[in-house]
Amino acid sequence: MALQLGDVAPDFTAESTEGTINFHEYLGDGWGILFSHPKDFTPVCTTELGEVSRLKDEFTKRNAKVLGLSVDSLESHNGWVGDISDATGYALNYPLIADPDRKVADLYGMIHPNASDTLTVRSVFVIGPDKKVKLTITYPASTGRNFEEILRVLDSLQLTANYSVATPVNWHEGEDVIIVPAITDEEAKEKFPKGFKAVKPYLRYTPQPNR
Ligand code: BEZ
């Protein structure tokens, strides 16, 4: 069965462009973003990997480590990294896992045989400090992802892990959040001293509590 939210992210040991990595050990107490790309030396993947390098500091600020993966070999990855830098202006600054025997791809269900039985799809797994899967997304090979969206989701996940709030549509860091319905108005007055605005009894906005 496919990996679902709340499942423990399977651990693995694999070769990468930064040496041998034990996944859980590598993540330590922080967050993890494991993403697959279909194939080395392909155009969309090249743009994505450069973009993740550009955003690396933003992931680090959020205590999150990123790891890329495809079913290509380490030799292939190492041959490609120079192109990523040339083409995007950003040198690879996070590990790219080599998975030629598809060990990790199979553990995470990154090959969707009805799309392609040889390439990984564009999967993203966000993993929390408890090693549980917090978010999954899957894009086809033809569509590059928006990694700013992954940062936005990470902000939401980190906030909602610590406060009794949820984030509304298109929310960004710093904007008002929603008090979860399980909290009564009385409790909300105590928990959210900045106050709240009830648009409906079940839709109550409050300023972001950790700012
Ligand atoms: C790409 O990254 O451009 C790509 C990879 C596999 C299939 C189609 C496009």
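Looking only at the range 133-147, filter to residues that are part of a loop (DSSP other than H, G, I, E, B) and of a type outside the set (A, V, I, L, M, F, W, C); which one of those is nearest to the ligand (Cβ to nearest atom)? Among those that are part of a loop (DSSP other than H, G, I, E, B) and of a type outside the set (A, V, I, L, M, F, W, C), it is Ser142. Listed by first and then second residue, the pairs with beta-carbon distance under 6 Å, at least 6 apart or on different chains, first residue in the range 188-201 and closer than 14 Å to Ala166 by Cβ, second in a strand (DSSP E or B) and modelled with pLDDT of 95 or more, are Ala188/Ile179; Phe192/Thr206; Phe196/Ile179; Phe196/Arg204; Phe196/Thr206. For the range 55-70, the count of residues that are farther than 18 Å from Leu154 by Cα and within 16 Å of the ligand (Cβ to nearest atom) is at least one. Applying a threshold of 6 Å to beta carbon distances and a minimum spacing of six or more residues, or different chains, the list of pairs starting in the range 82-103 at a residue that is of a type in the set (A, V, I, L, M) and ending at one that is at pLDDT 95 or above and assigned to a loop (DSSP other than H, G, I, E, B) reads Ile84/Leu92; Leu96/Thr17; Ala98/Ser73. Scanning the range 7-39 for residues that are crowded, with 17+ Cβ neighbours inside 10 Å and either of a type in the set (Gly, Ala, Ser) or touching a His at 6+ places or on another chain (Cβ under 6 Å) (or both) yields Ala9, Ala14, Ser16, Thr17, Gly32, Ser36. Condition check for Val121 on (1) more than 16 Å from the ligand (Cβ to nearest atom); (2) within 16 Å of the chain's Cα centre (by Cα): one failure, at (1). Set side by side, the residues Ala115, Ala91 differ, and just one is surrounded by fewer than 17 Cβ atoms within 10 Å (Cβ to Cβ), farther than 30 Å from Leu203 by Cβ, within 16 Å of the ligand (Cβ to nearest atom) and of a type in the set (A, V, I, L, M, F, W, C), which is Ala115.
The values are calculated or read from the model by the stated rules, or taken from the named source; none is laboratory data. Note that the structure is a prediction, hence the values are computed from the model and not measured. Cβ atoms come from the backbone with ideal geometry, glycine included; neighbour counts cover every protein chain shown.
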